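> Structure below; questions to follow.
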Amino acid sequence: MQKTDHICVVIPAYNVADAIESVVRGASRYVDTVFVADDGSRDATAEIAAAAGAVVIRNMENKGKGDALKKLFAAAAKAGFQAVISMDGDGQHDPEELPRFIAKHRQYPCSIVVGSRMSARKNIPRARYNSMHIARFYISYAANQFIEDTQCGYRVYPLELIGKMKLTQDLYVTESEILIKAGDLGRKIHFIRIGAIYGQIRSHFRPVLDITAITAYIISYFMVKFFVESITANNPNTYRKGNLRDKIAACKTIDLFFQTYIVSISLILQSIFALIHVLGSLLKFHNFASTRRLNHGFYRITVGSYLLPVILIIIIIEKLVGLVGLKFQYVDGFIQRYYPHLWGDRHRTF
């Protein structure tokens with residue numbers, strides 16, 4: 001495959017000395033430039049990446065994947081690239097898939113392209129798959145379109161689109177923030193089905209803490225989005241760089257307080273917005289435009305929000321029953337039923 005000079009590969013890396021060489025060399029077969037952000041690794045990740053031919057950016061302390069991605073975007077833009085393909089440095093992403101991402105980017109140069117592992121369910125740990133299913137329900141809803149896998153970091157990012165956003169979140173939340181804001185700007189997000197590689201690979205993703213952080217951000221984003229949509233007509237794309245949500249996030253302390261407070265009253269706010277949604281229908285005021293184009297979309301997300309605590313209870317029951325040697329797996333079907341694909345098979349955007 002002929003290499004493309006306007007696109008490069010970017011790799012956030014943390015303590016992946018055993019895998020980074022093969023990832024860099026594999027990526028170098030398809031692009032001329034590979035950037036690696038060594039995020040305060042305590043091993044030889046940076047040295048091995050540089051020896052393999054990567055341009056290495058170093059953080060002296062670990063600041064998380066979000067910070068590394070932001071530095072990689074800035075470095076690629078400064079070097080004159082128009083788009084980047086992000087890959088993980090631990091071997092979860094097969095470099096042999098790169099030609100498919102490049103081809104999809106050529107077809108849709110202004111869109112984000114996301115790798116999807118959802119069709120490889122048998123290779124994904126059950127708890128991880130269930131959390132991915134719930135995440136895609138909410139992130140797709142906020143992004144105004146179906147995104148098959150919202151948690152895969154194997155992606156194409158047009159840097160022109162990244163420039164239209166203010167990235168305010170850190171760690172693993174940044175990747176969800178990008179999808180939500182891109183979709184809420186009105187951009188289409190495409191996906192490519194890829195394999196799921198887990199096995200003995202050690203992920204730095206913390207299921208409880210990182211999922212909690214992602215969930216808190218999504219809820220806080222939703223409440224601002226719903227507020228804007230509730231008072232405006234025919235306005236499904238509410239994000240603009242530097243909007244109210246971005247301003248709140250400018251101070252980390254204020255943002256943490258805001259997210260905590262909004263989460264604590266989110267069910268009350270959801271009920272208020274549901275009432276406004278009904279009143280808007282009666283008054284023929286076309287508010288909540290992003291949900292009115294779906295079949296019972298607002299009803300679905302309201303029910304889903306109220307049932308989140310039920311999922312936690314079911315998971316606890318499953319674990320307790322498992323301790324006495326019995327097998328009880330109800331949460332999978334529960335999630336499939338109450339967190340569905342609202343767009344059917346059309347994968348449409350607004």
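> Please return the ranges of helices (runs of 4 or more DSSP H) entirely within segment 119-238 where 2 or more residues are within 30 Å of Val278 (Cβ to Cβ) and outside the structural domain of His296 (by TED's automatic domain parsing).
In segment 119-238, 126-142, 173-184 are the helices (runs of 4 or more DSSP H) which contain 2 or more residues that are within 30 Å of Val278 (Cβ to Cβ) and outside the structural domain of His296 (by TED's automatic domain parsing).
> If you don't mind, another one. Among the residues of segment 216-241, write down those that are touching a His at 6+ places or on another chain (Cβ under 8 Å) and of a type in the set (A, V, I, L, M, F, W, C).
Scanning segment 216-241 gives a single hit, Ala233.
> For residues in segment 153-190 being crowded, with 21+ Cβ neighbours inside 10 Å and of a type in the set (A, V, I, L, M, F, W, C), which is nearest to Trp343 (Cα to Cα)?
That would be Ile189.
> With the structure loaded, tell me whether Asn130 is more than 30 Å from Cys251 (Cα to Cα) and out of contact with any Lys or Arg (no Cβ under 8 Å at 6 or more places or on another chain) or whether it fails that test.
Taking the combined requirement at face value, the residue satisfies it.
> Another one. Scan segment 49-67 residue by residue and report those that are touching a residue at least 24 places away in the same chain (Cβ under 8 Å), more than 15 Å from Val24 (Cβ to Cβ) and not charged (D, E, K, R).
Listed by number, the residues that qualify are Asn62, Gly64, Gly66.
> Go through Ala143, Ala103 for me and flag whichever is buried (at least 20 other Cβ atoms within 10 Å of the Cβ), on the phi < 0 side of the Ramachandran plot and at pLDDT 95 or above.
Ala143
> State the number of residues belonging to segment 242-255 that are of a type outside the set (A, V, I, L, M, F, W, C) and exposed (fewer than 12 other Cβ atoms within 10 Å of the Cβ).
3
> With the structure loaded, tell me whether Ala46 is among the aliphatic types (A, V, I, L, M), touching a residue at least 12 places away in the same chain (Cβ under 8 Å) and in contact with a Gly (Cβ under 6 Å, 6 or more places away or on another chain) or whether it fails that test. So that I can check it myself, show each step before the final result.
Values: among the aliphatic types (A, V, I, L, M): yes; touching a residue at least 12 places away in the same chain (Cβ under 8 Å): yes; in contact with a Gly (Cβ under 6 Å, 6 or more places away or on another chain): no.
Taking the combined requirement at face value, the residue does not satisfy it.
The values are calculated or read from the model by the stated rules, or taken from the named source; none is laboratory data. All values derive from a computational prediction rather than experimental measurement. With ideal geometry, Cβ positions are generated from the backbone for all residues, glycine too; neighbour counts draw on all protein chains shown.
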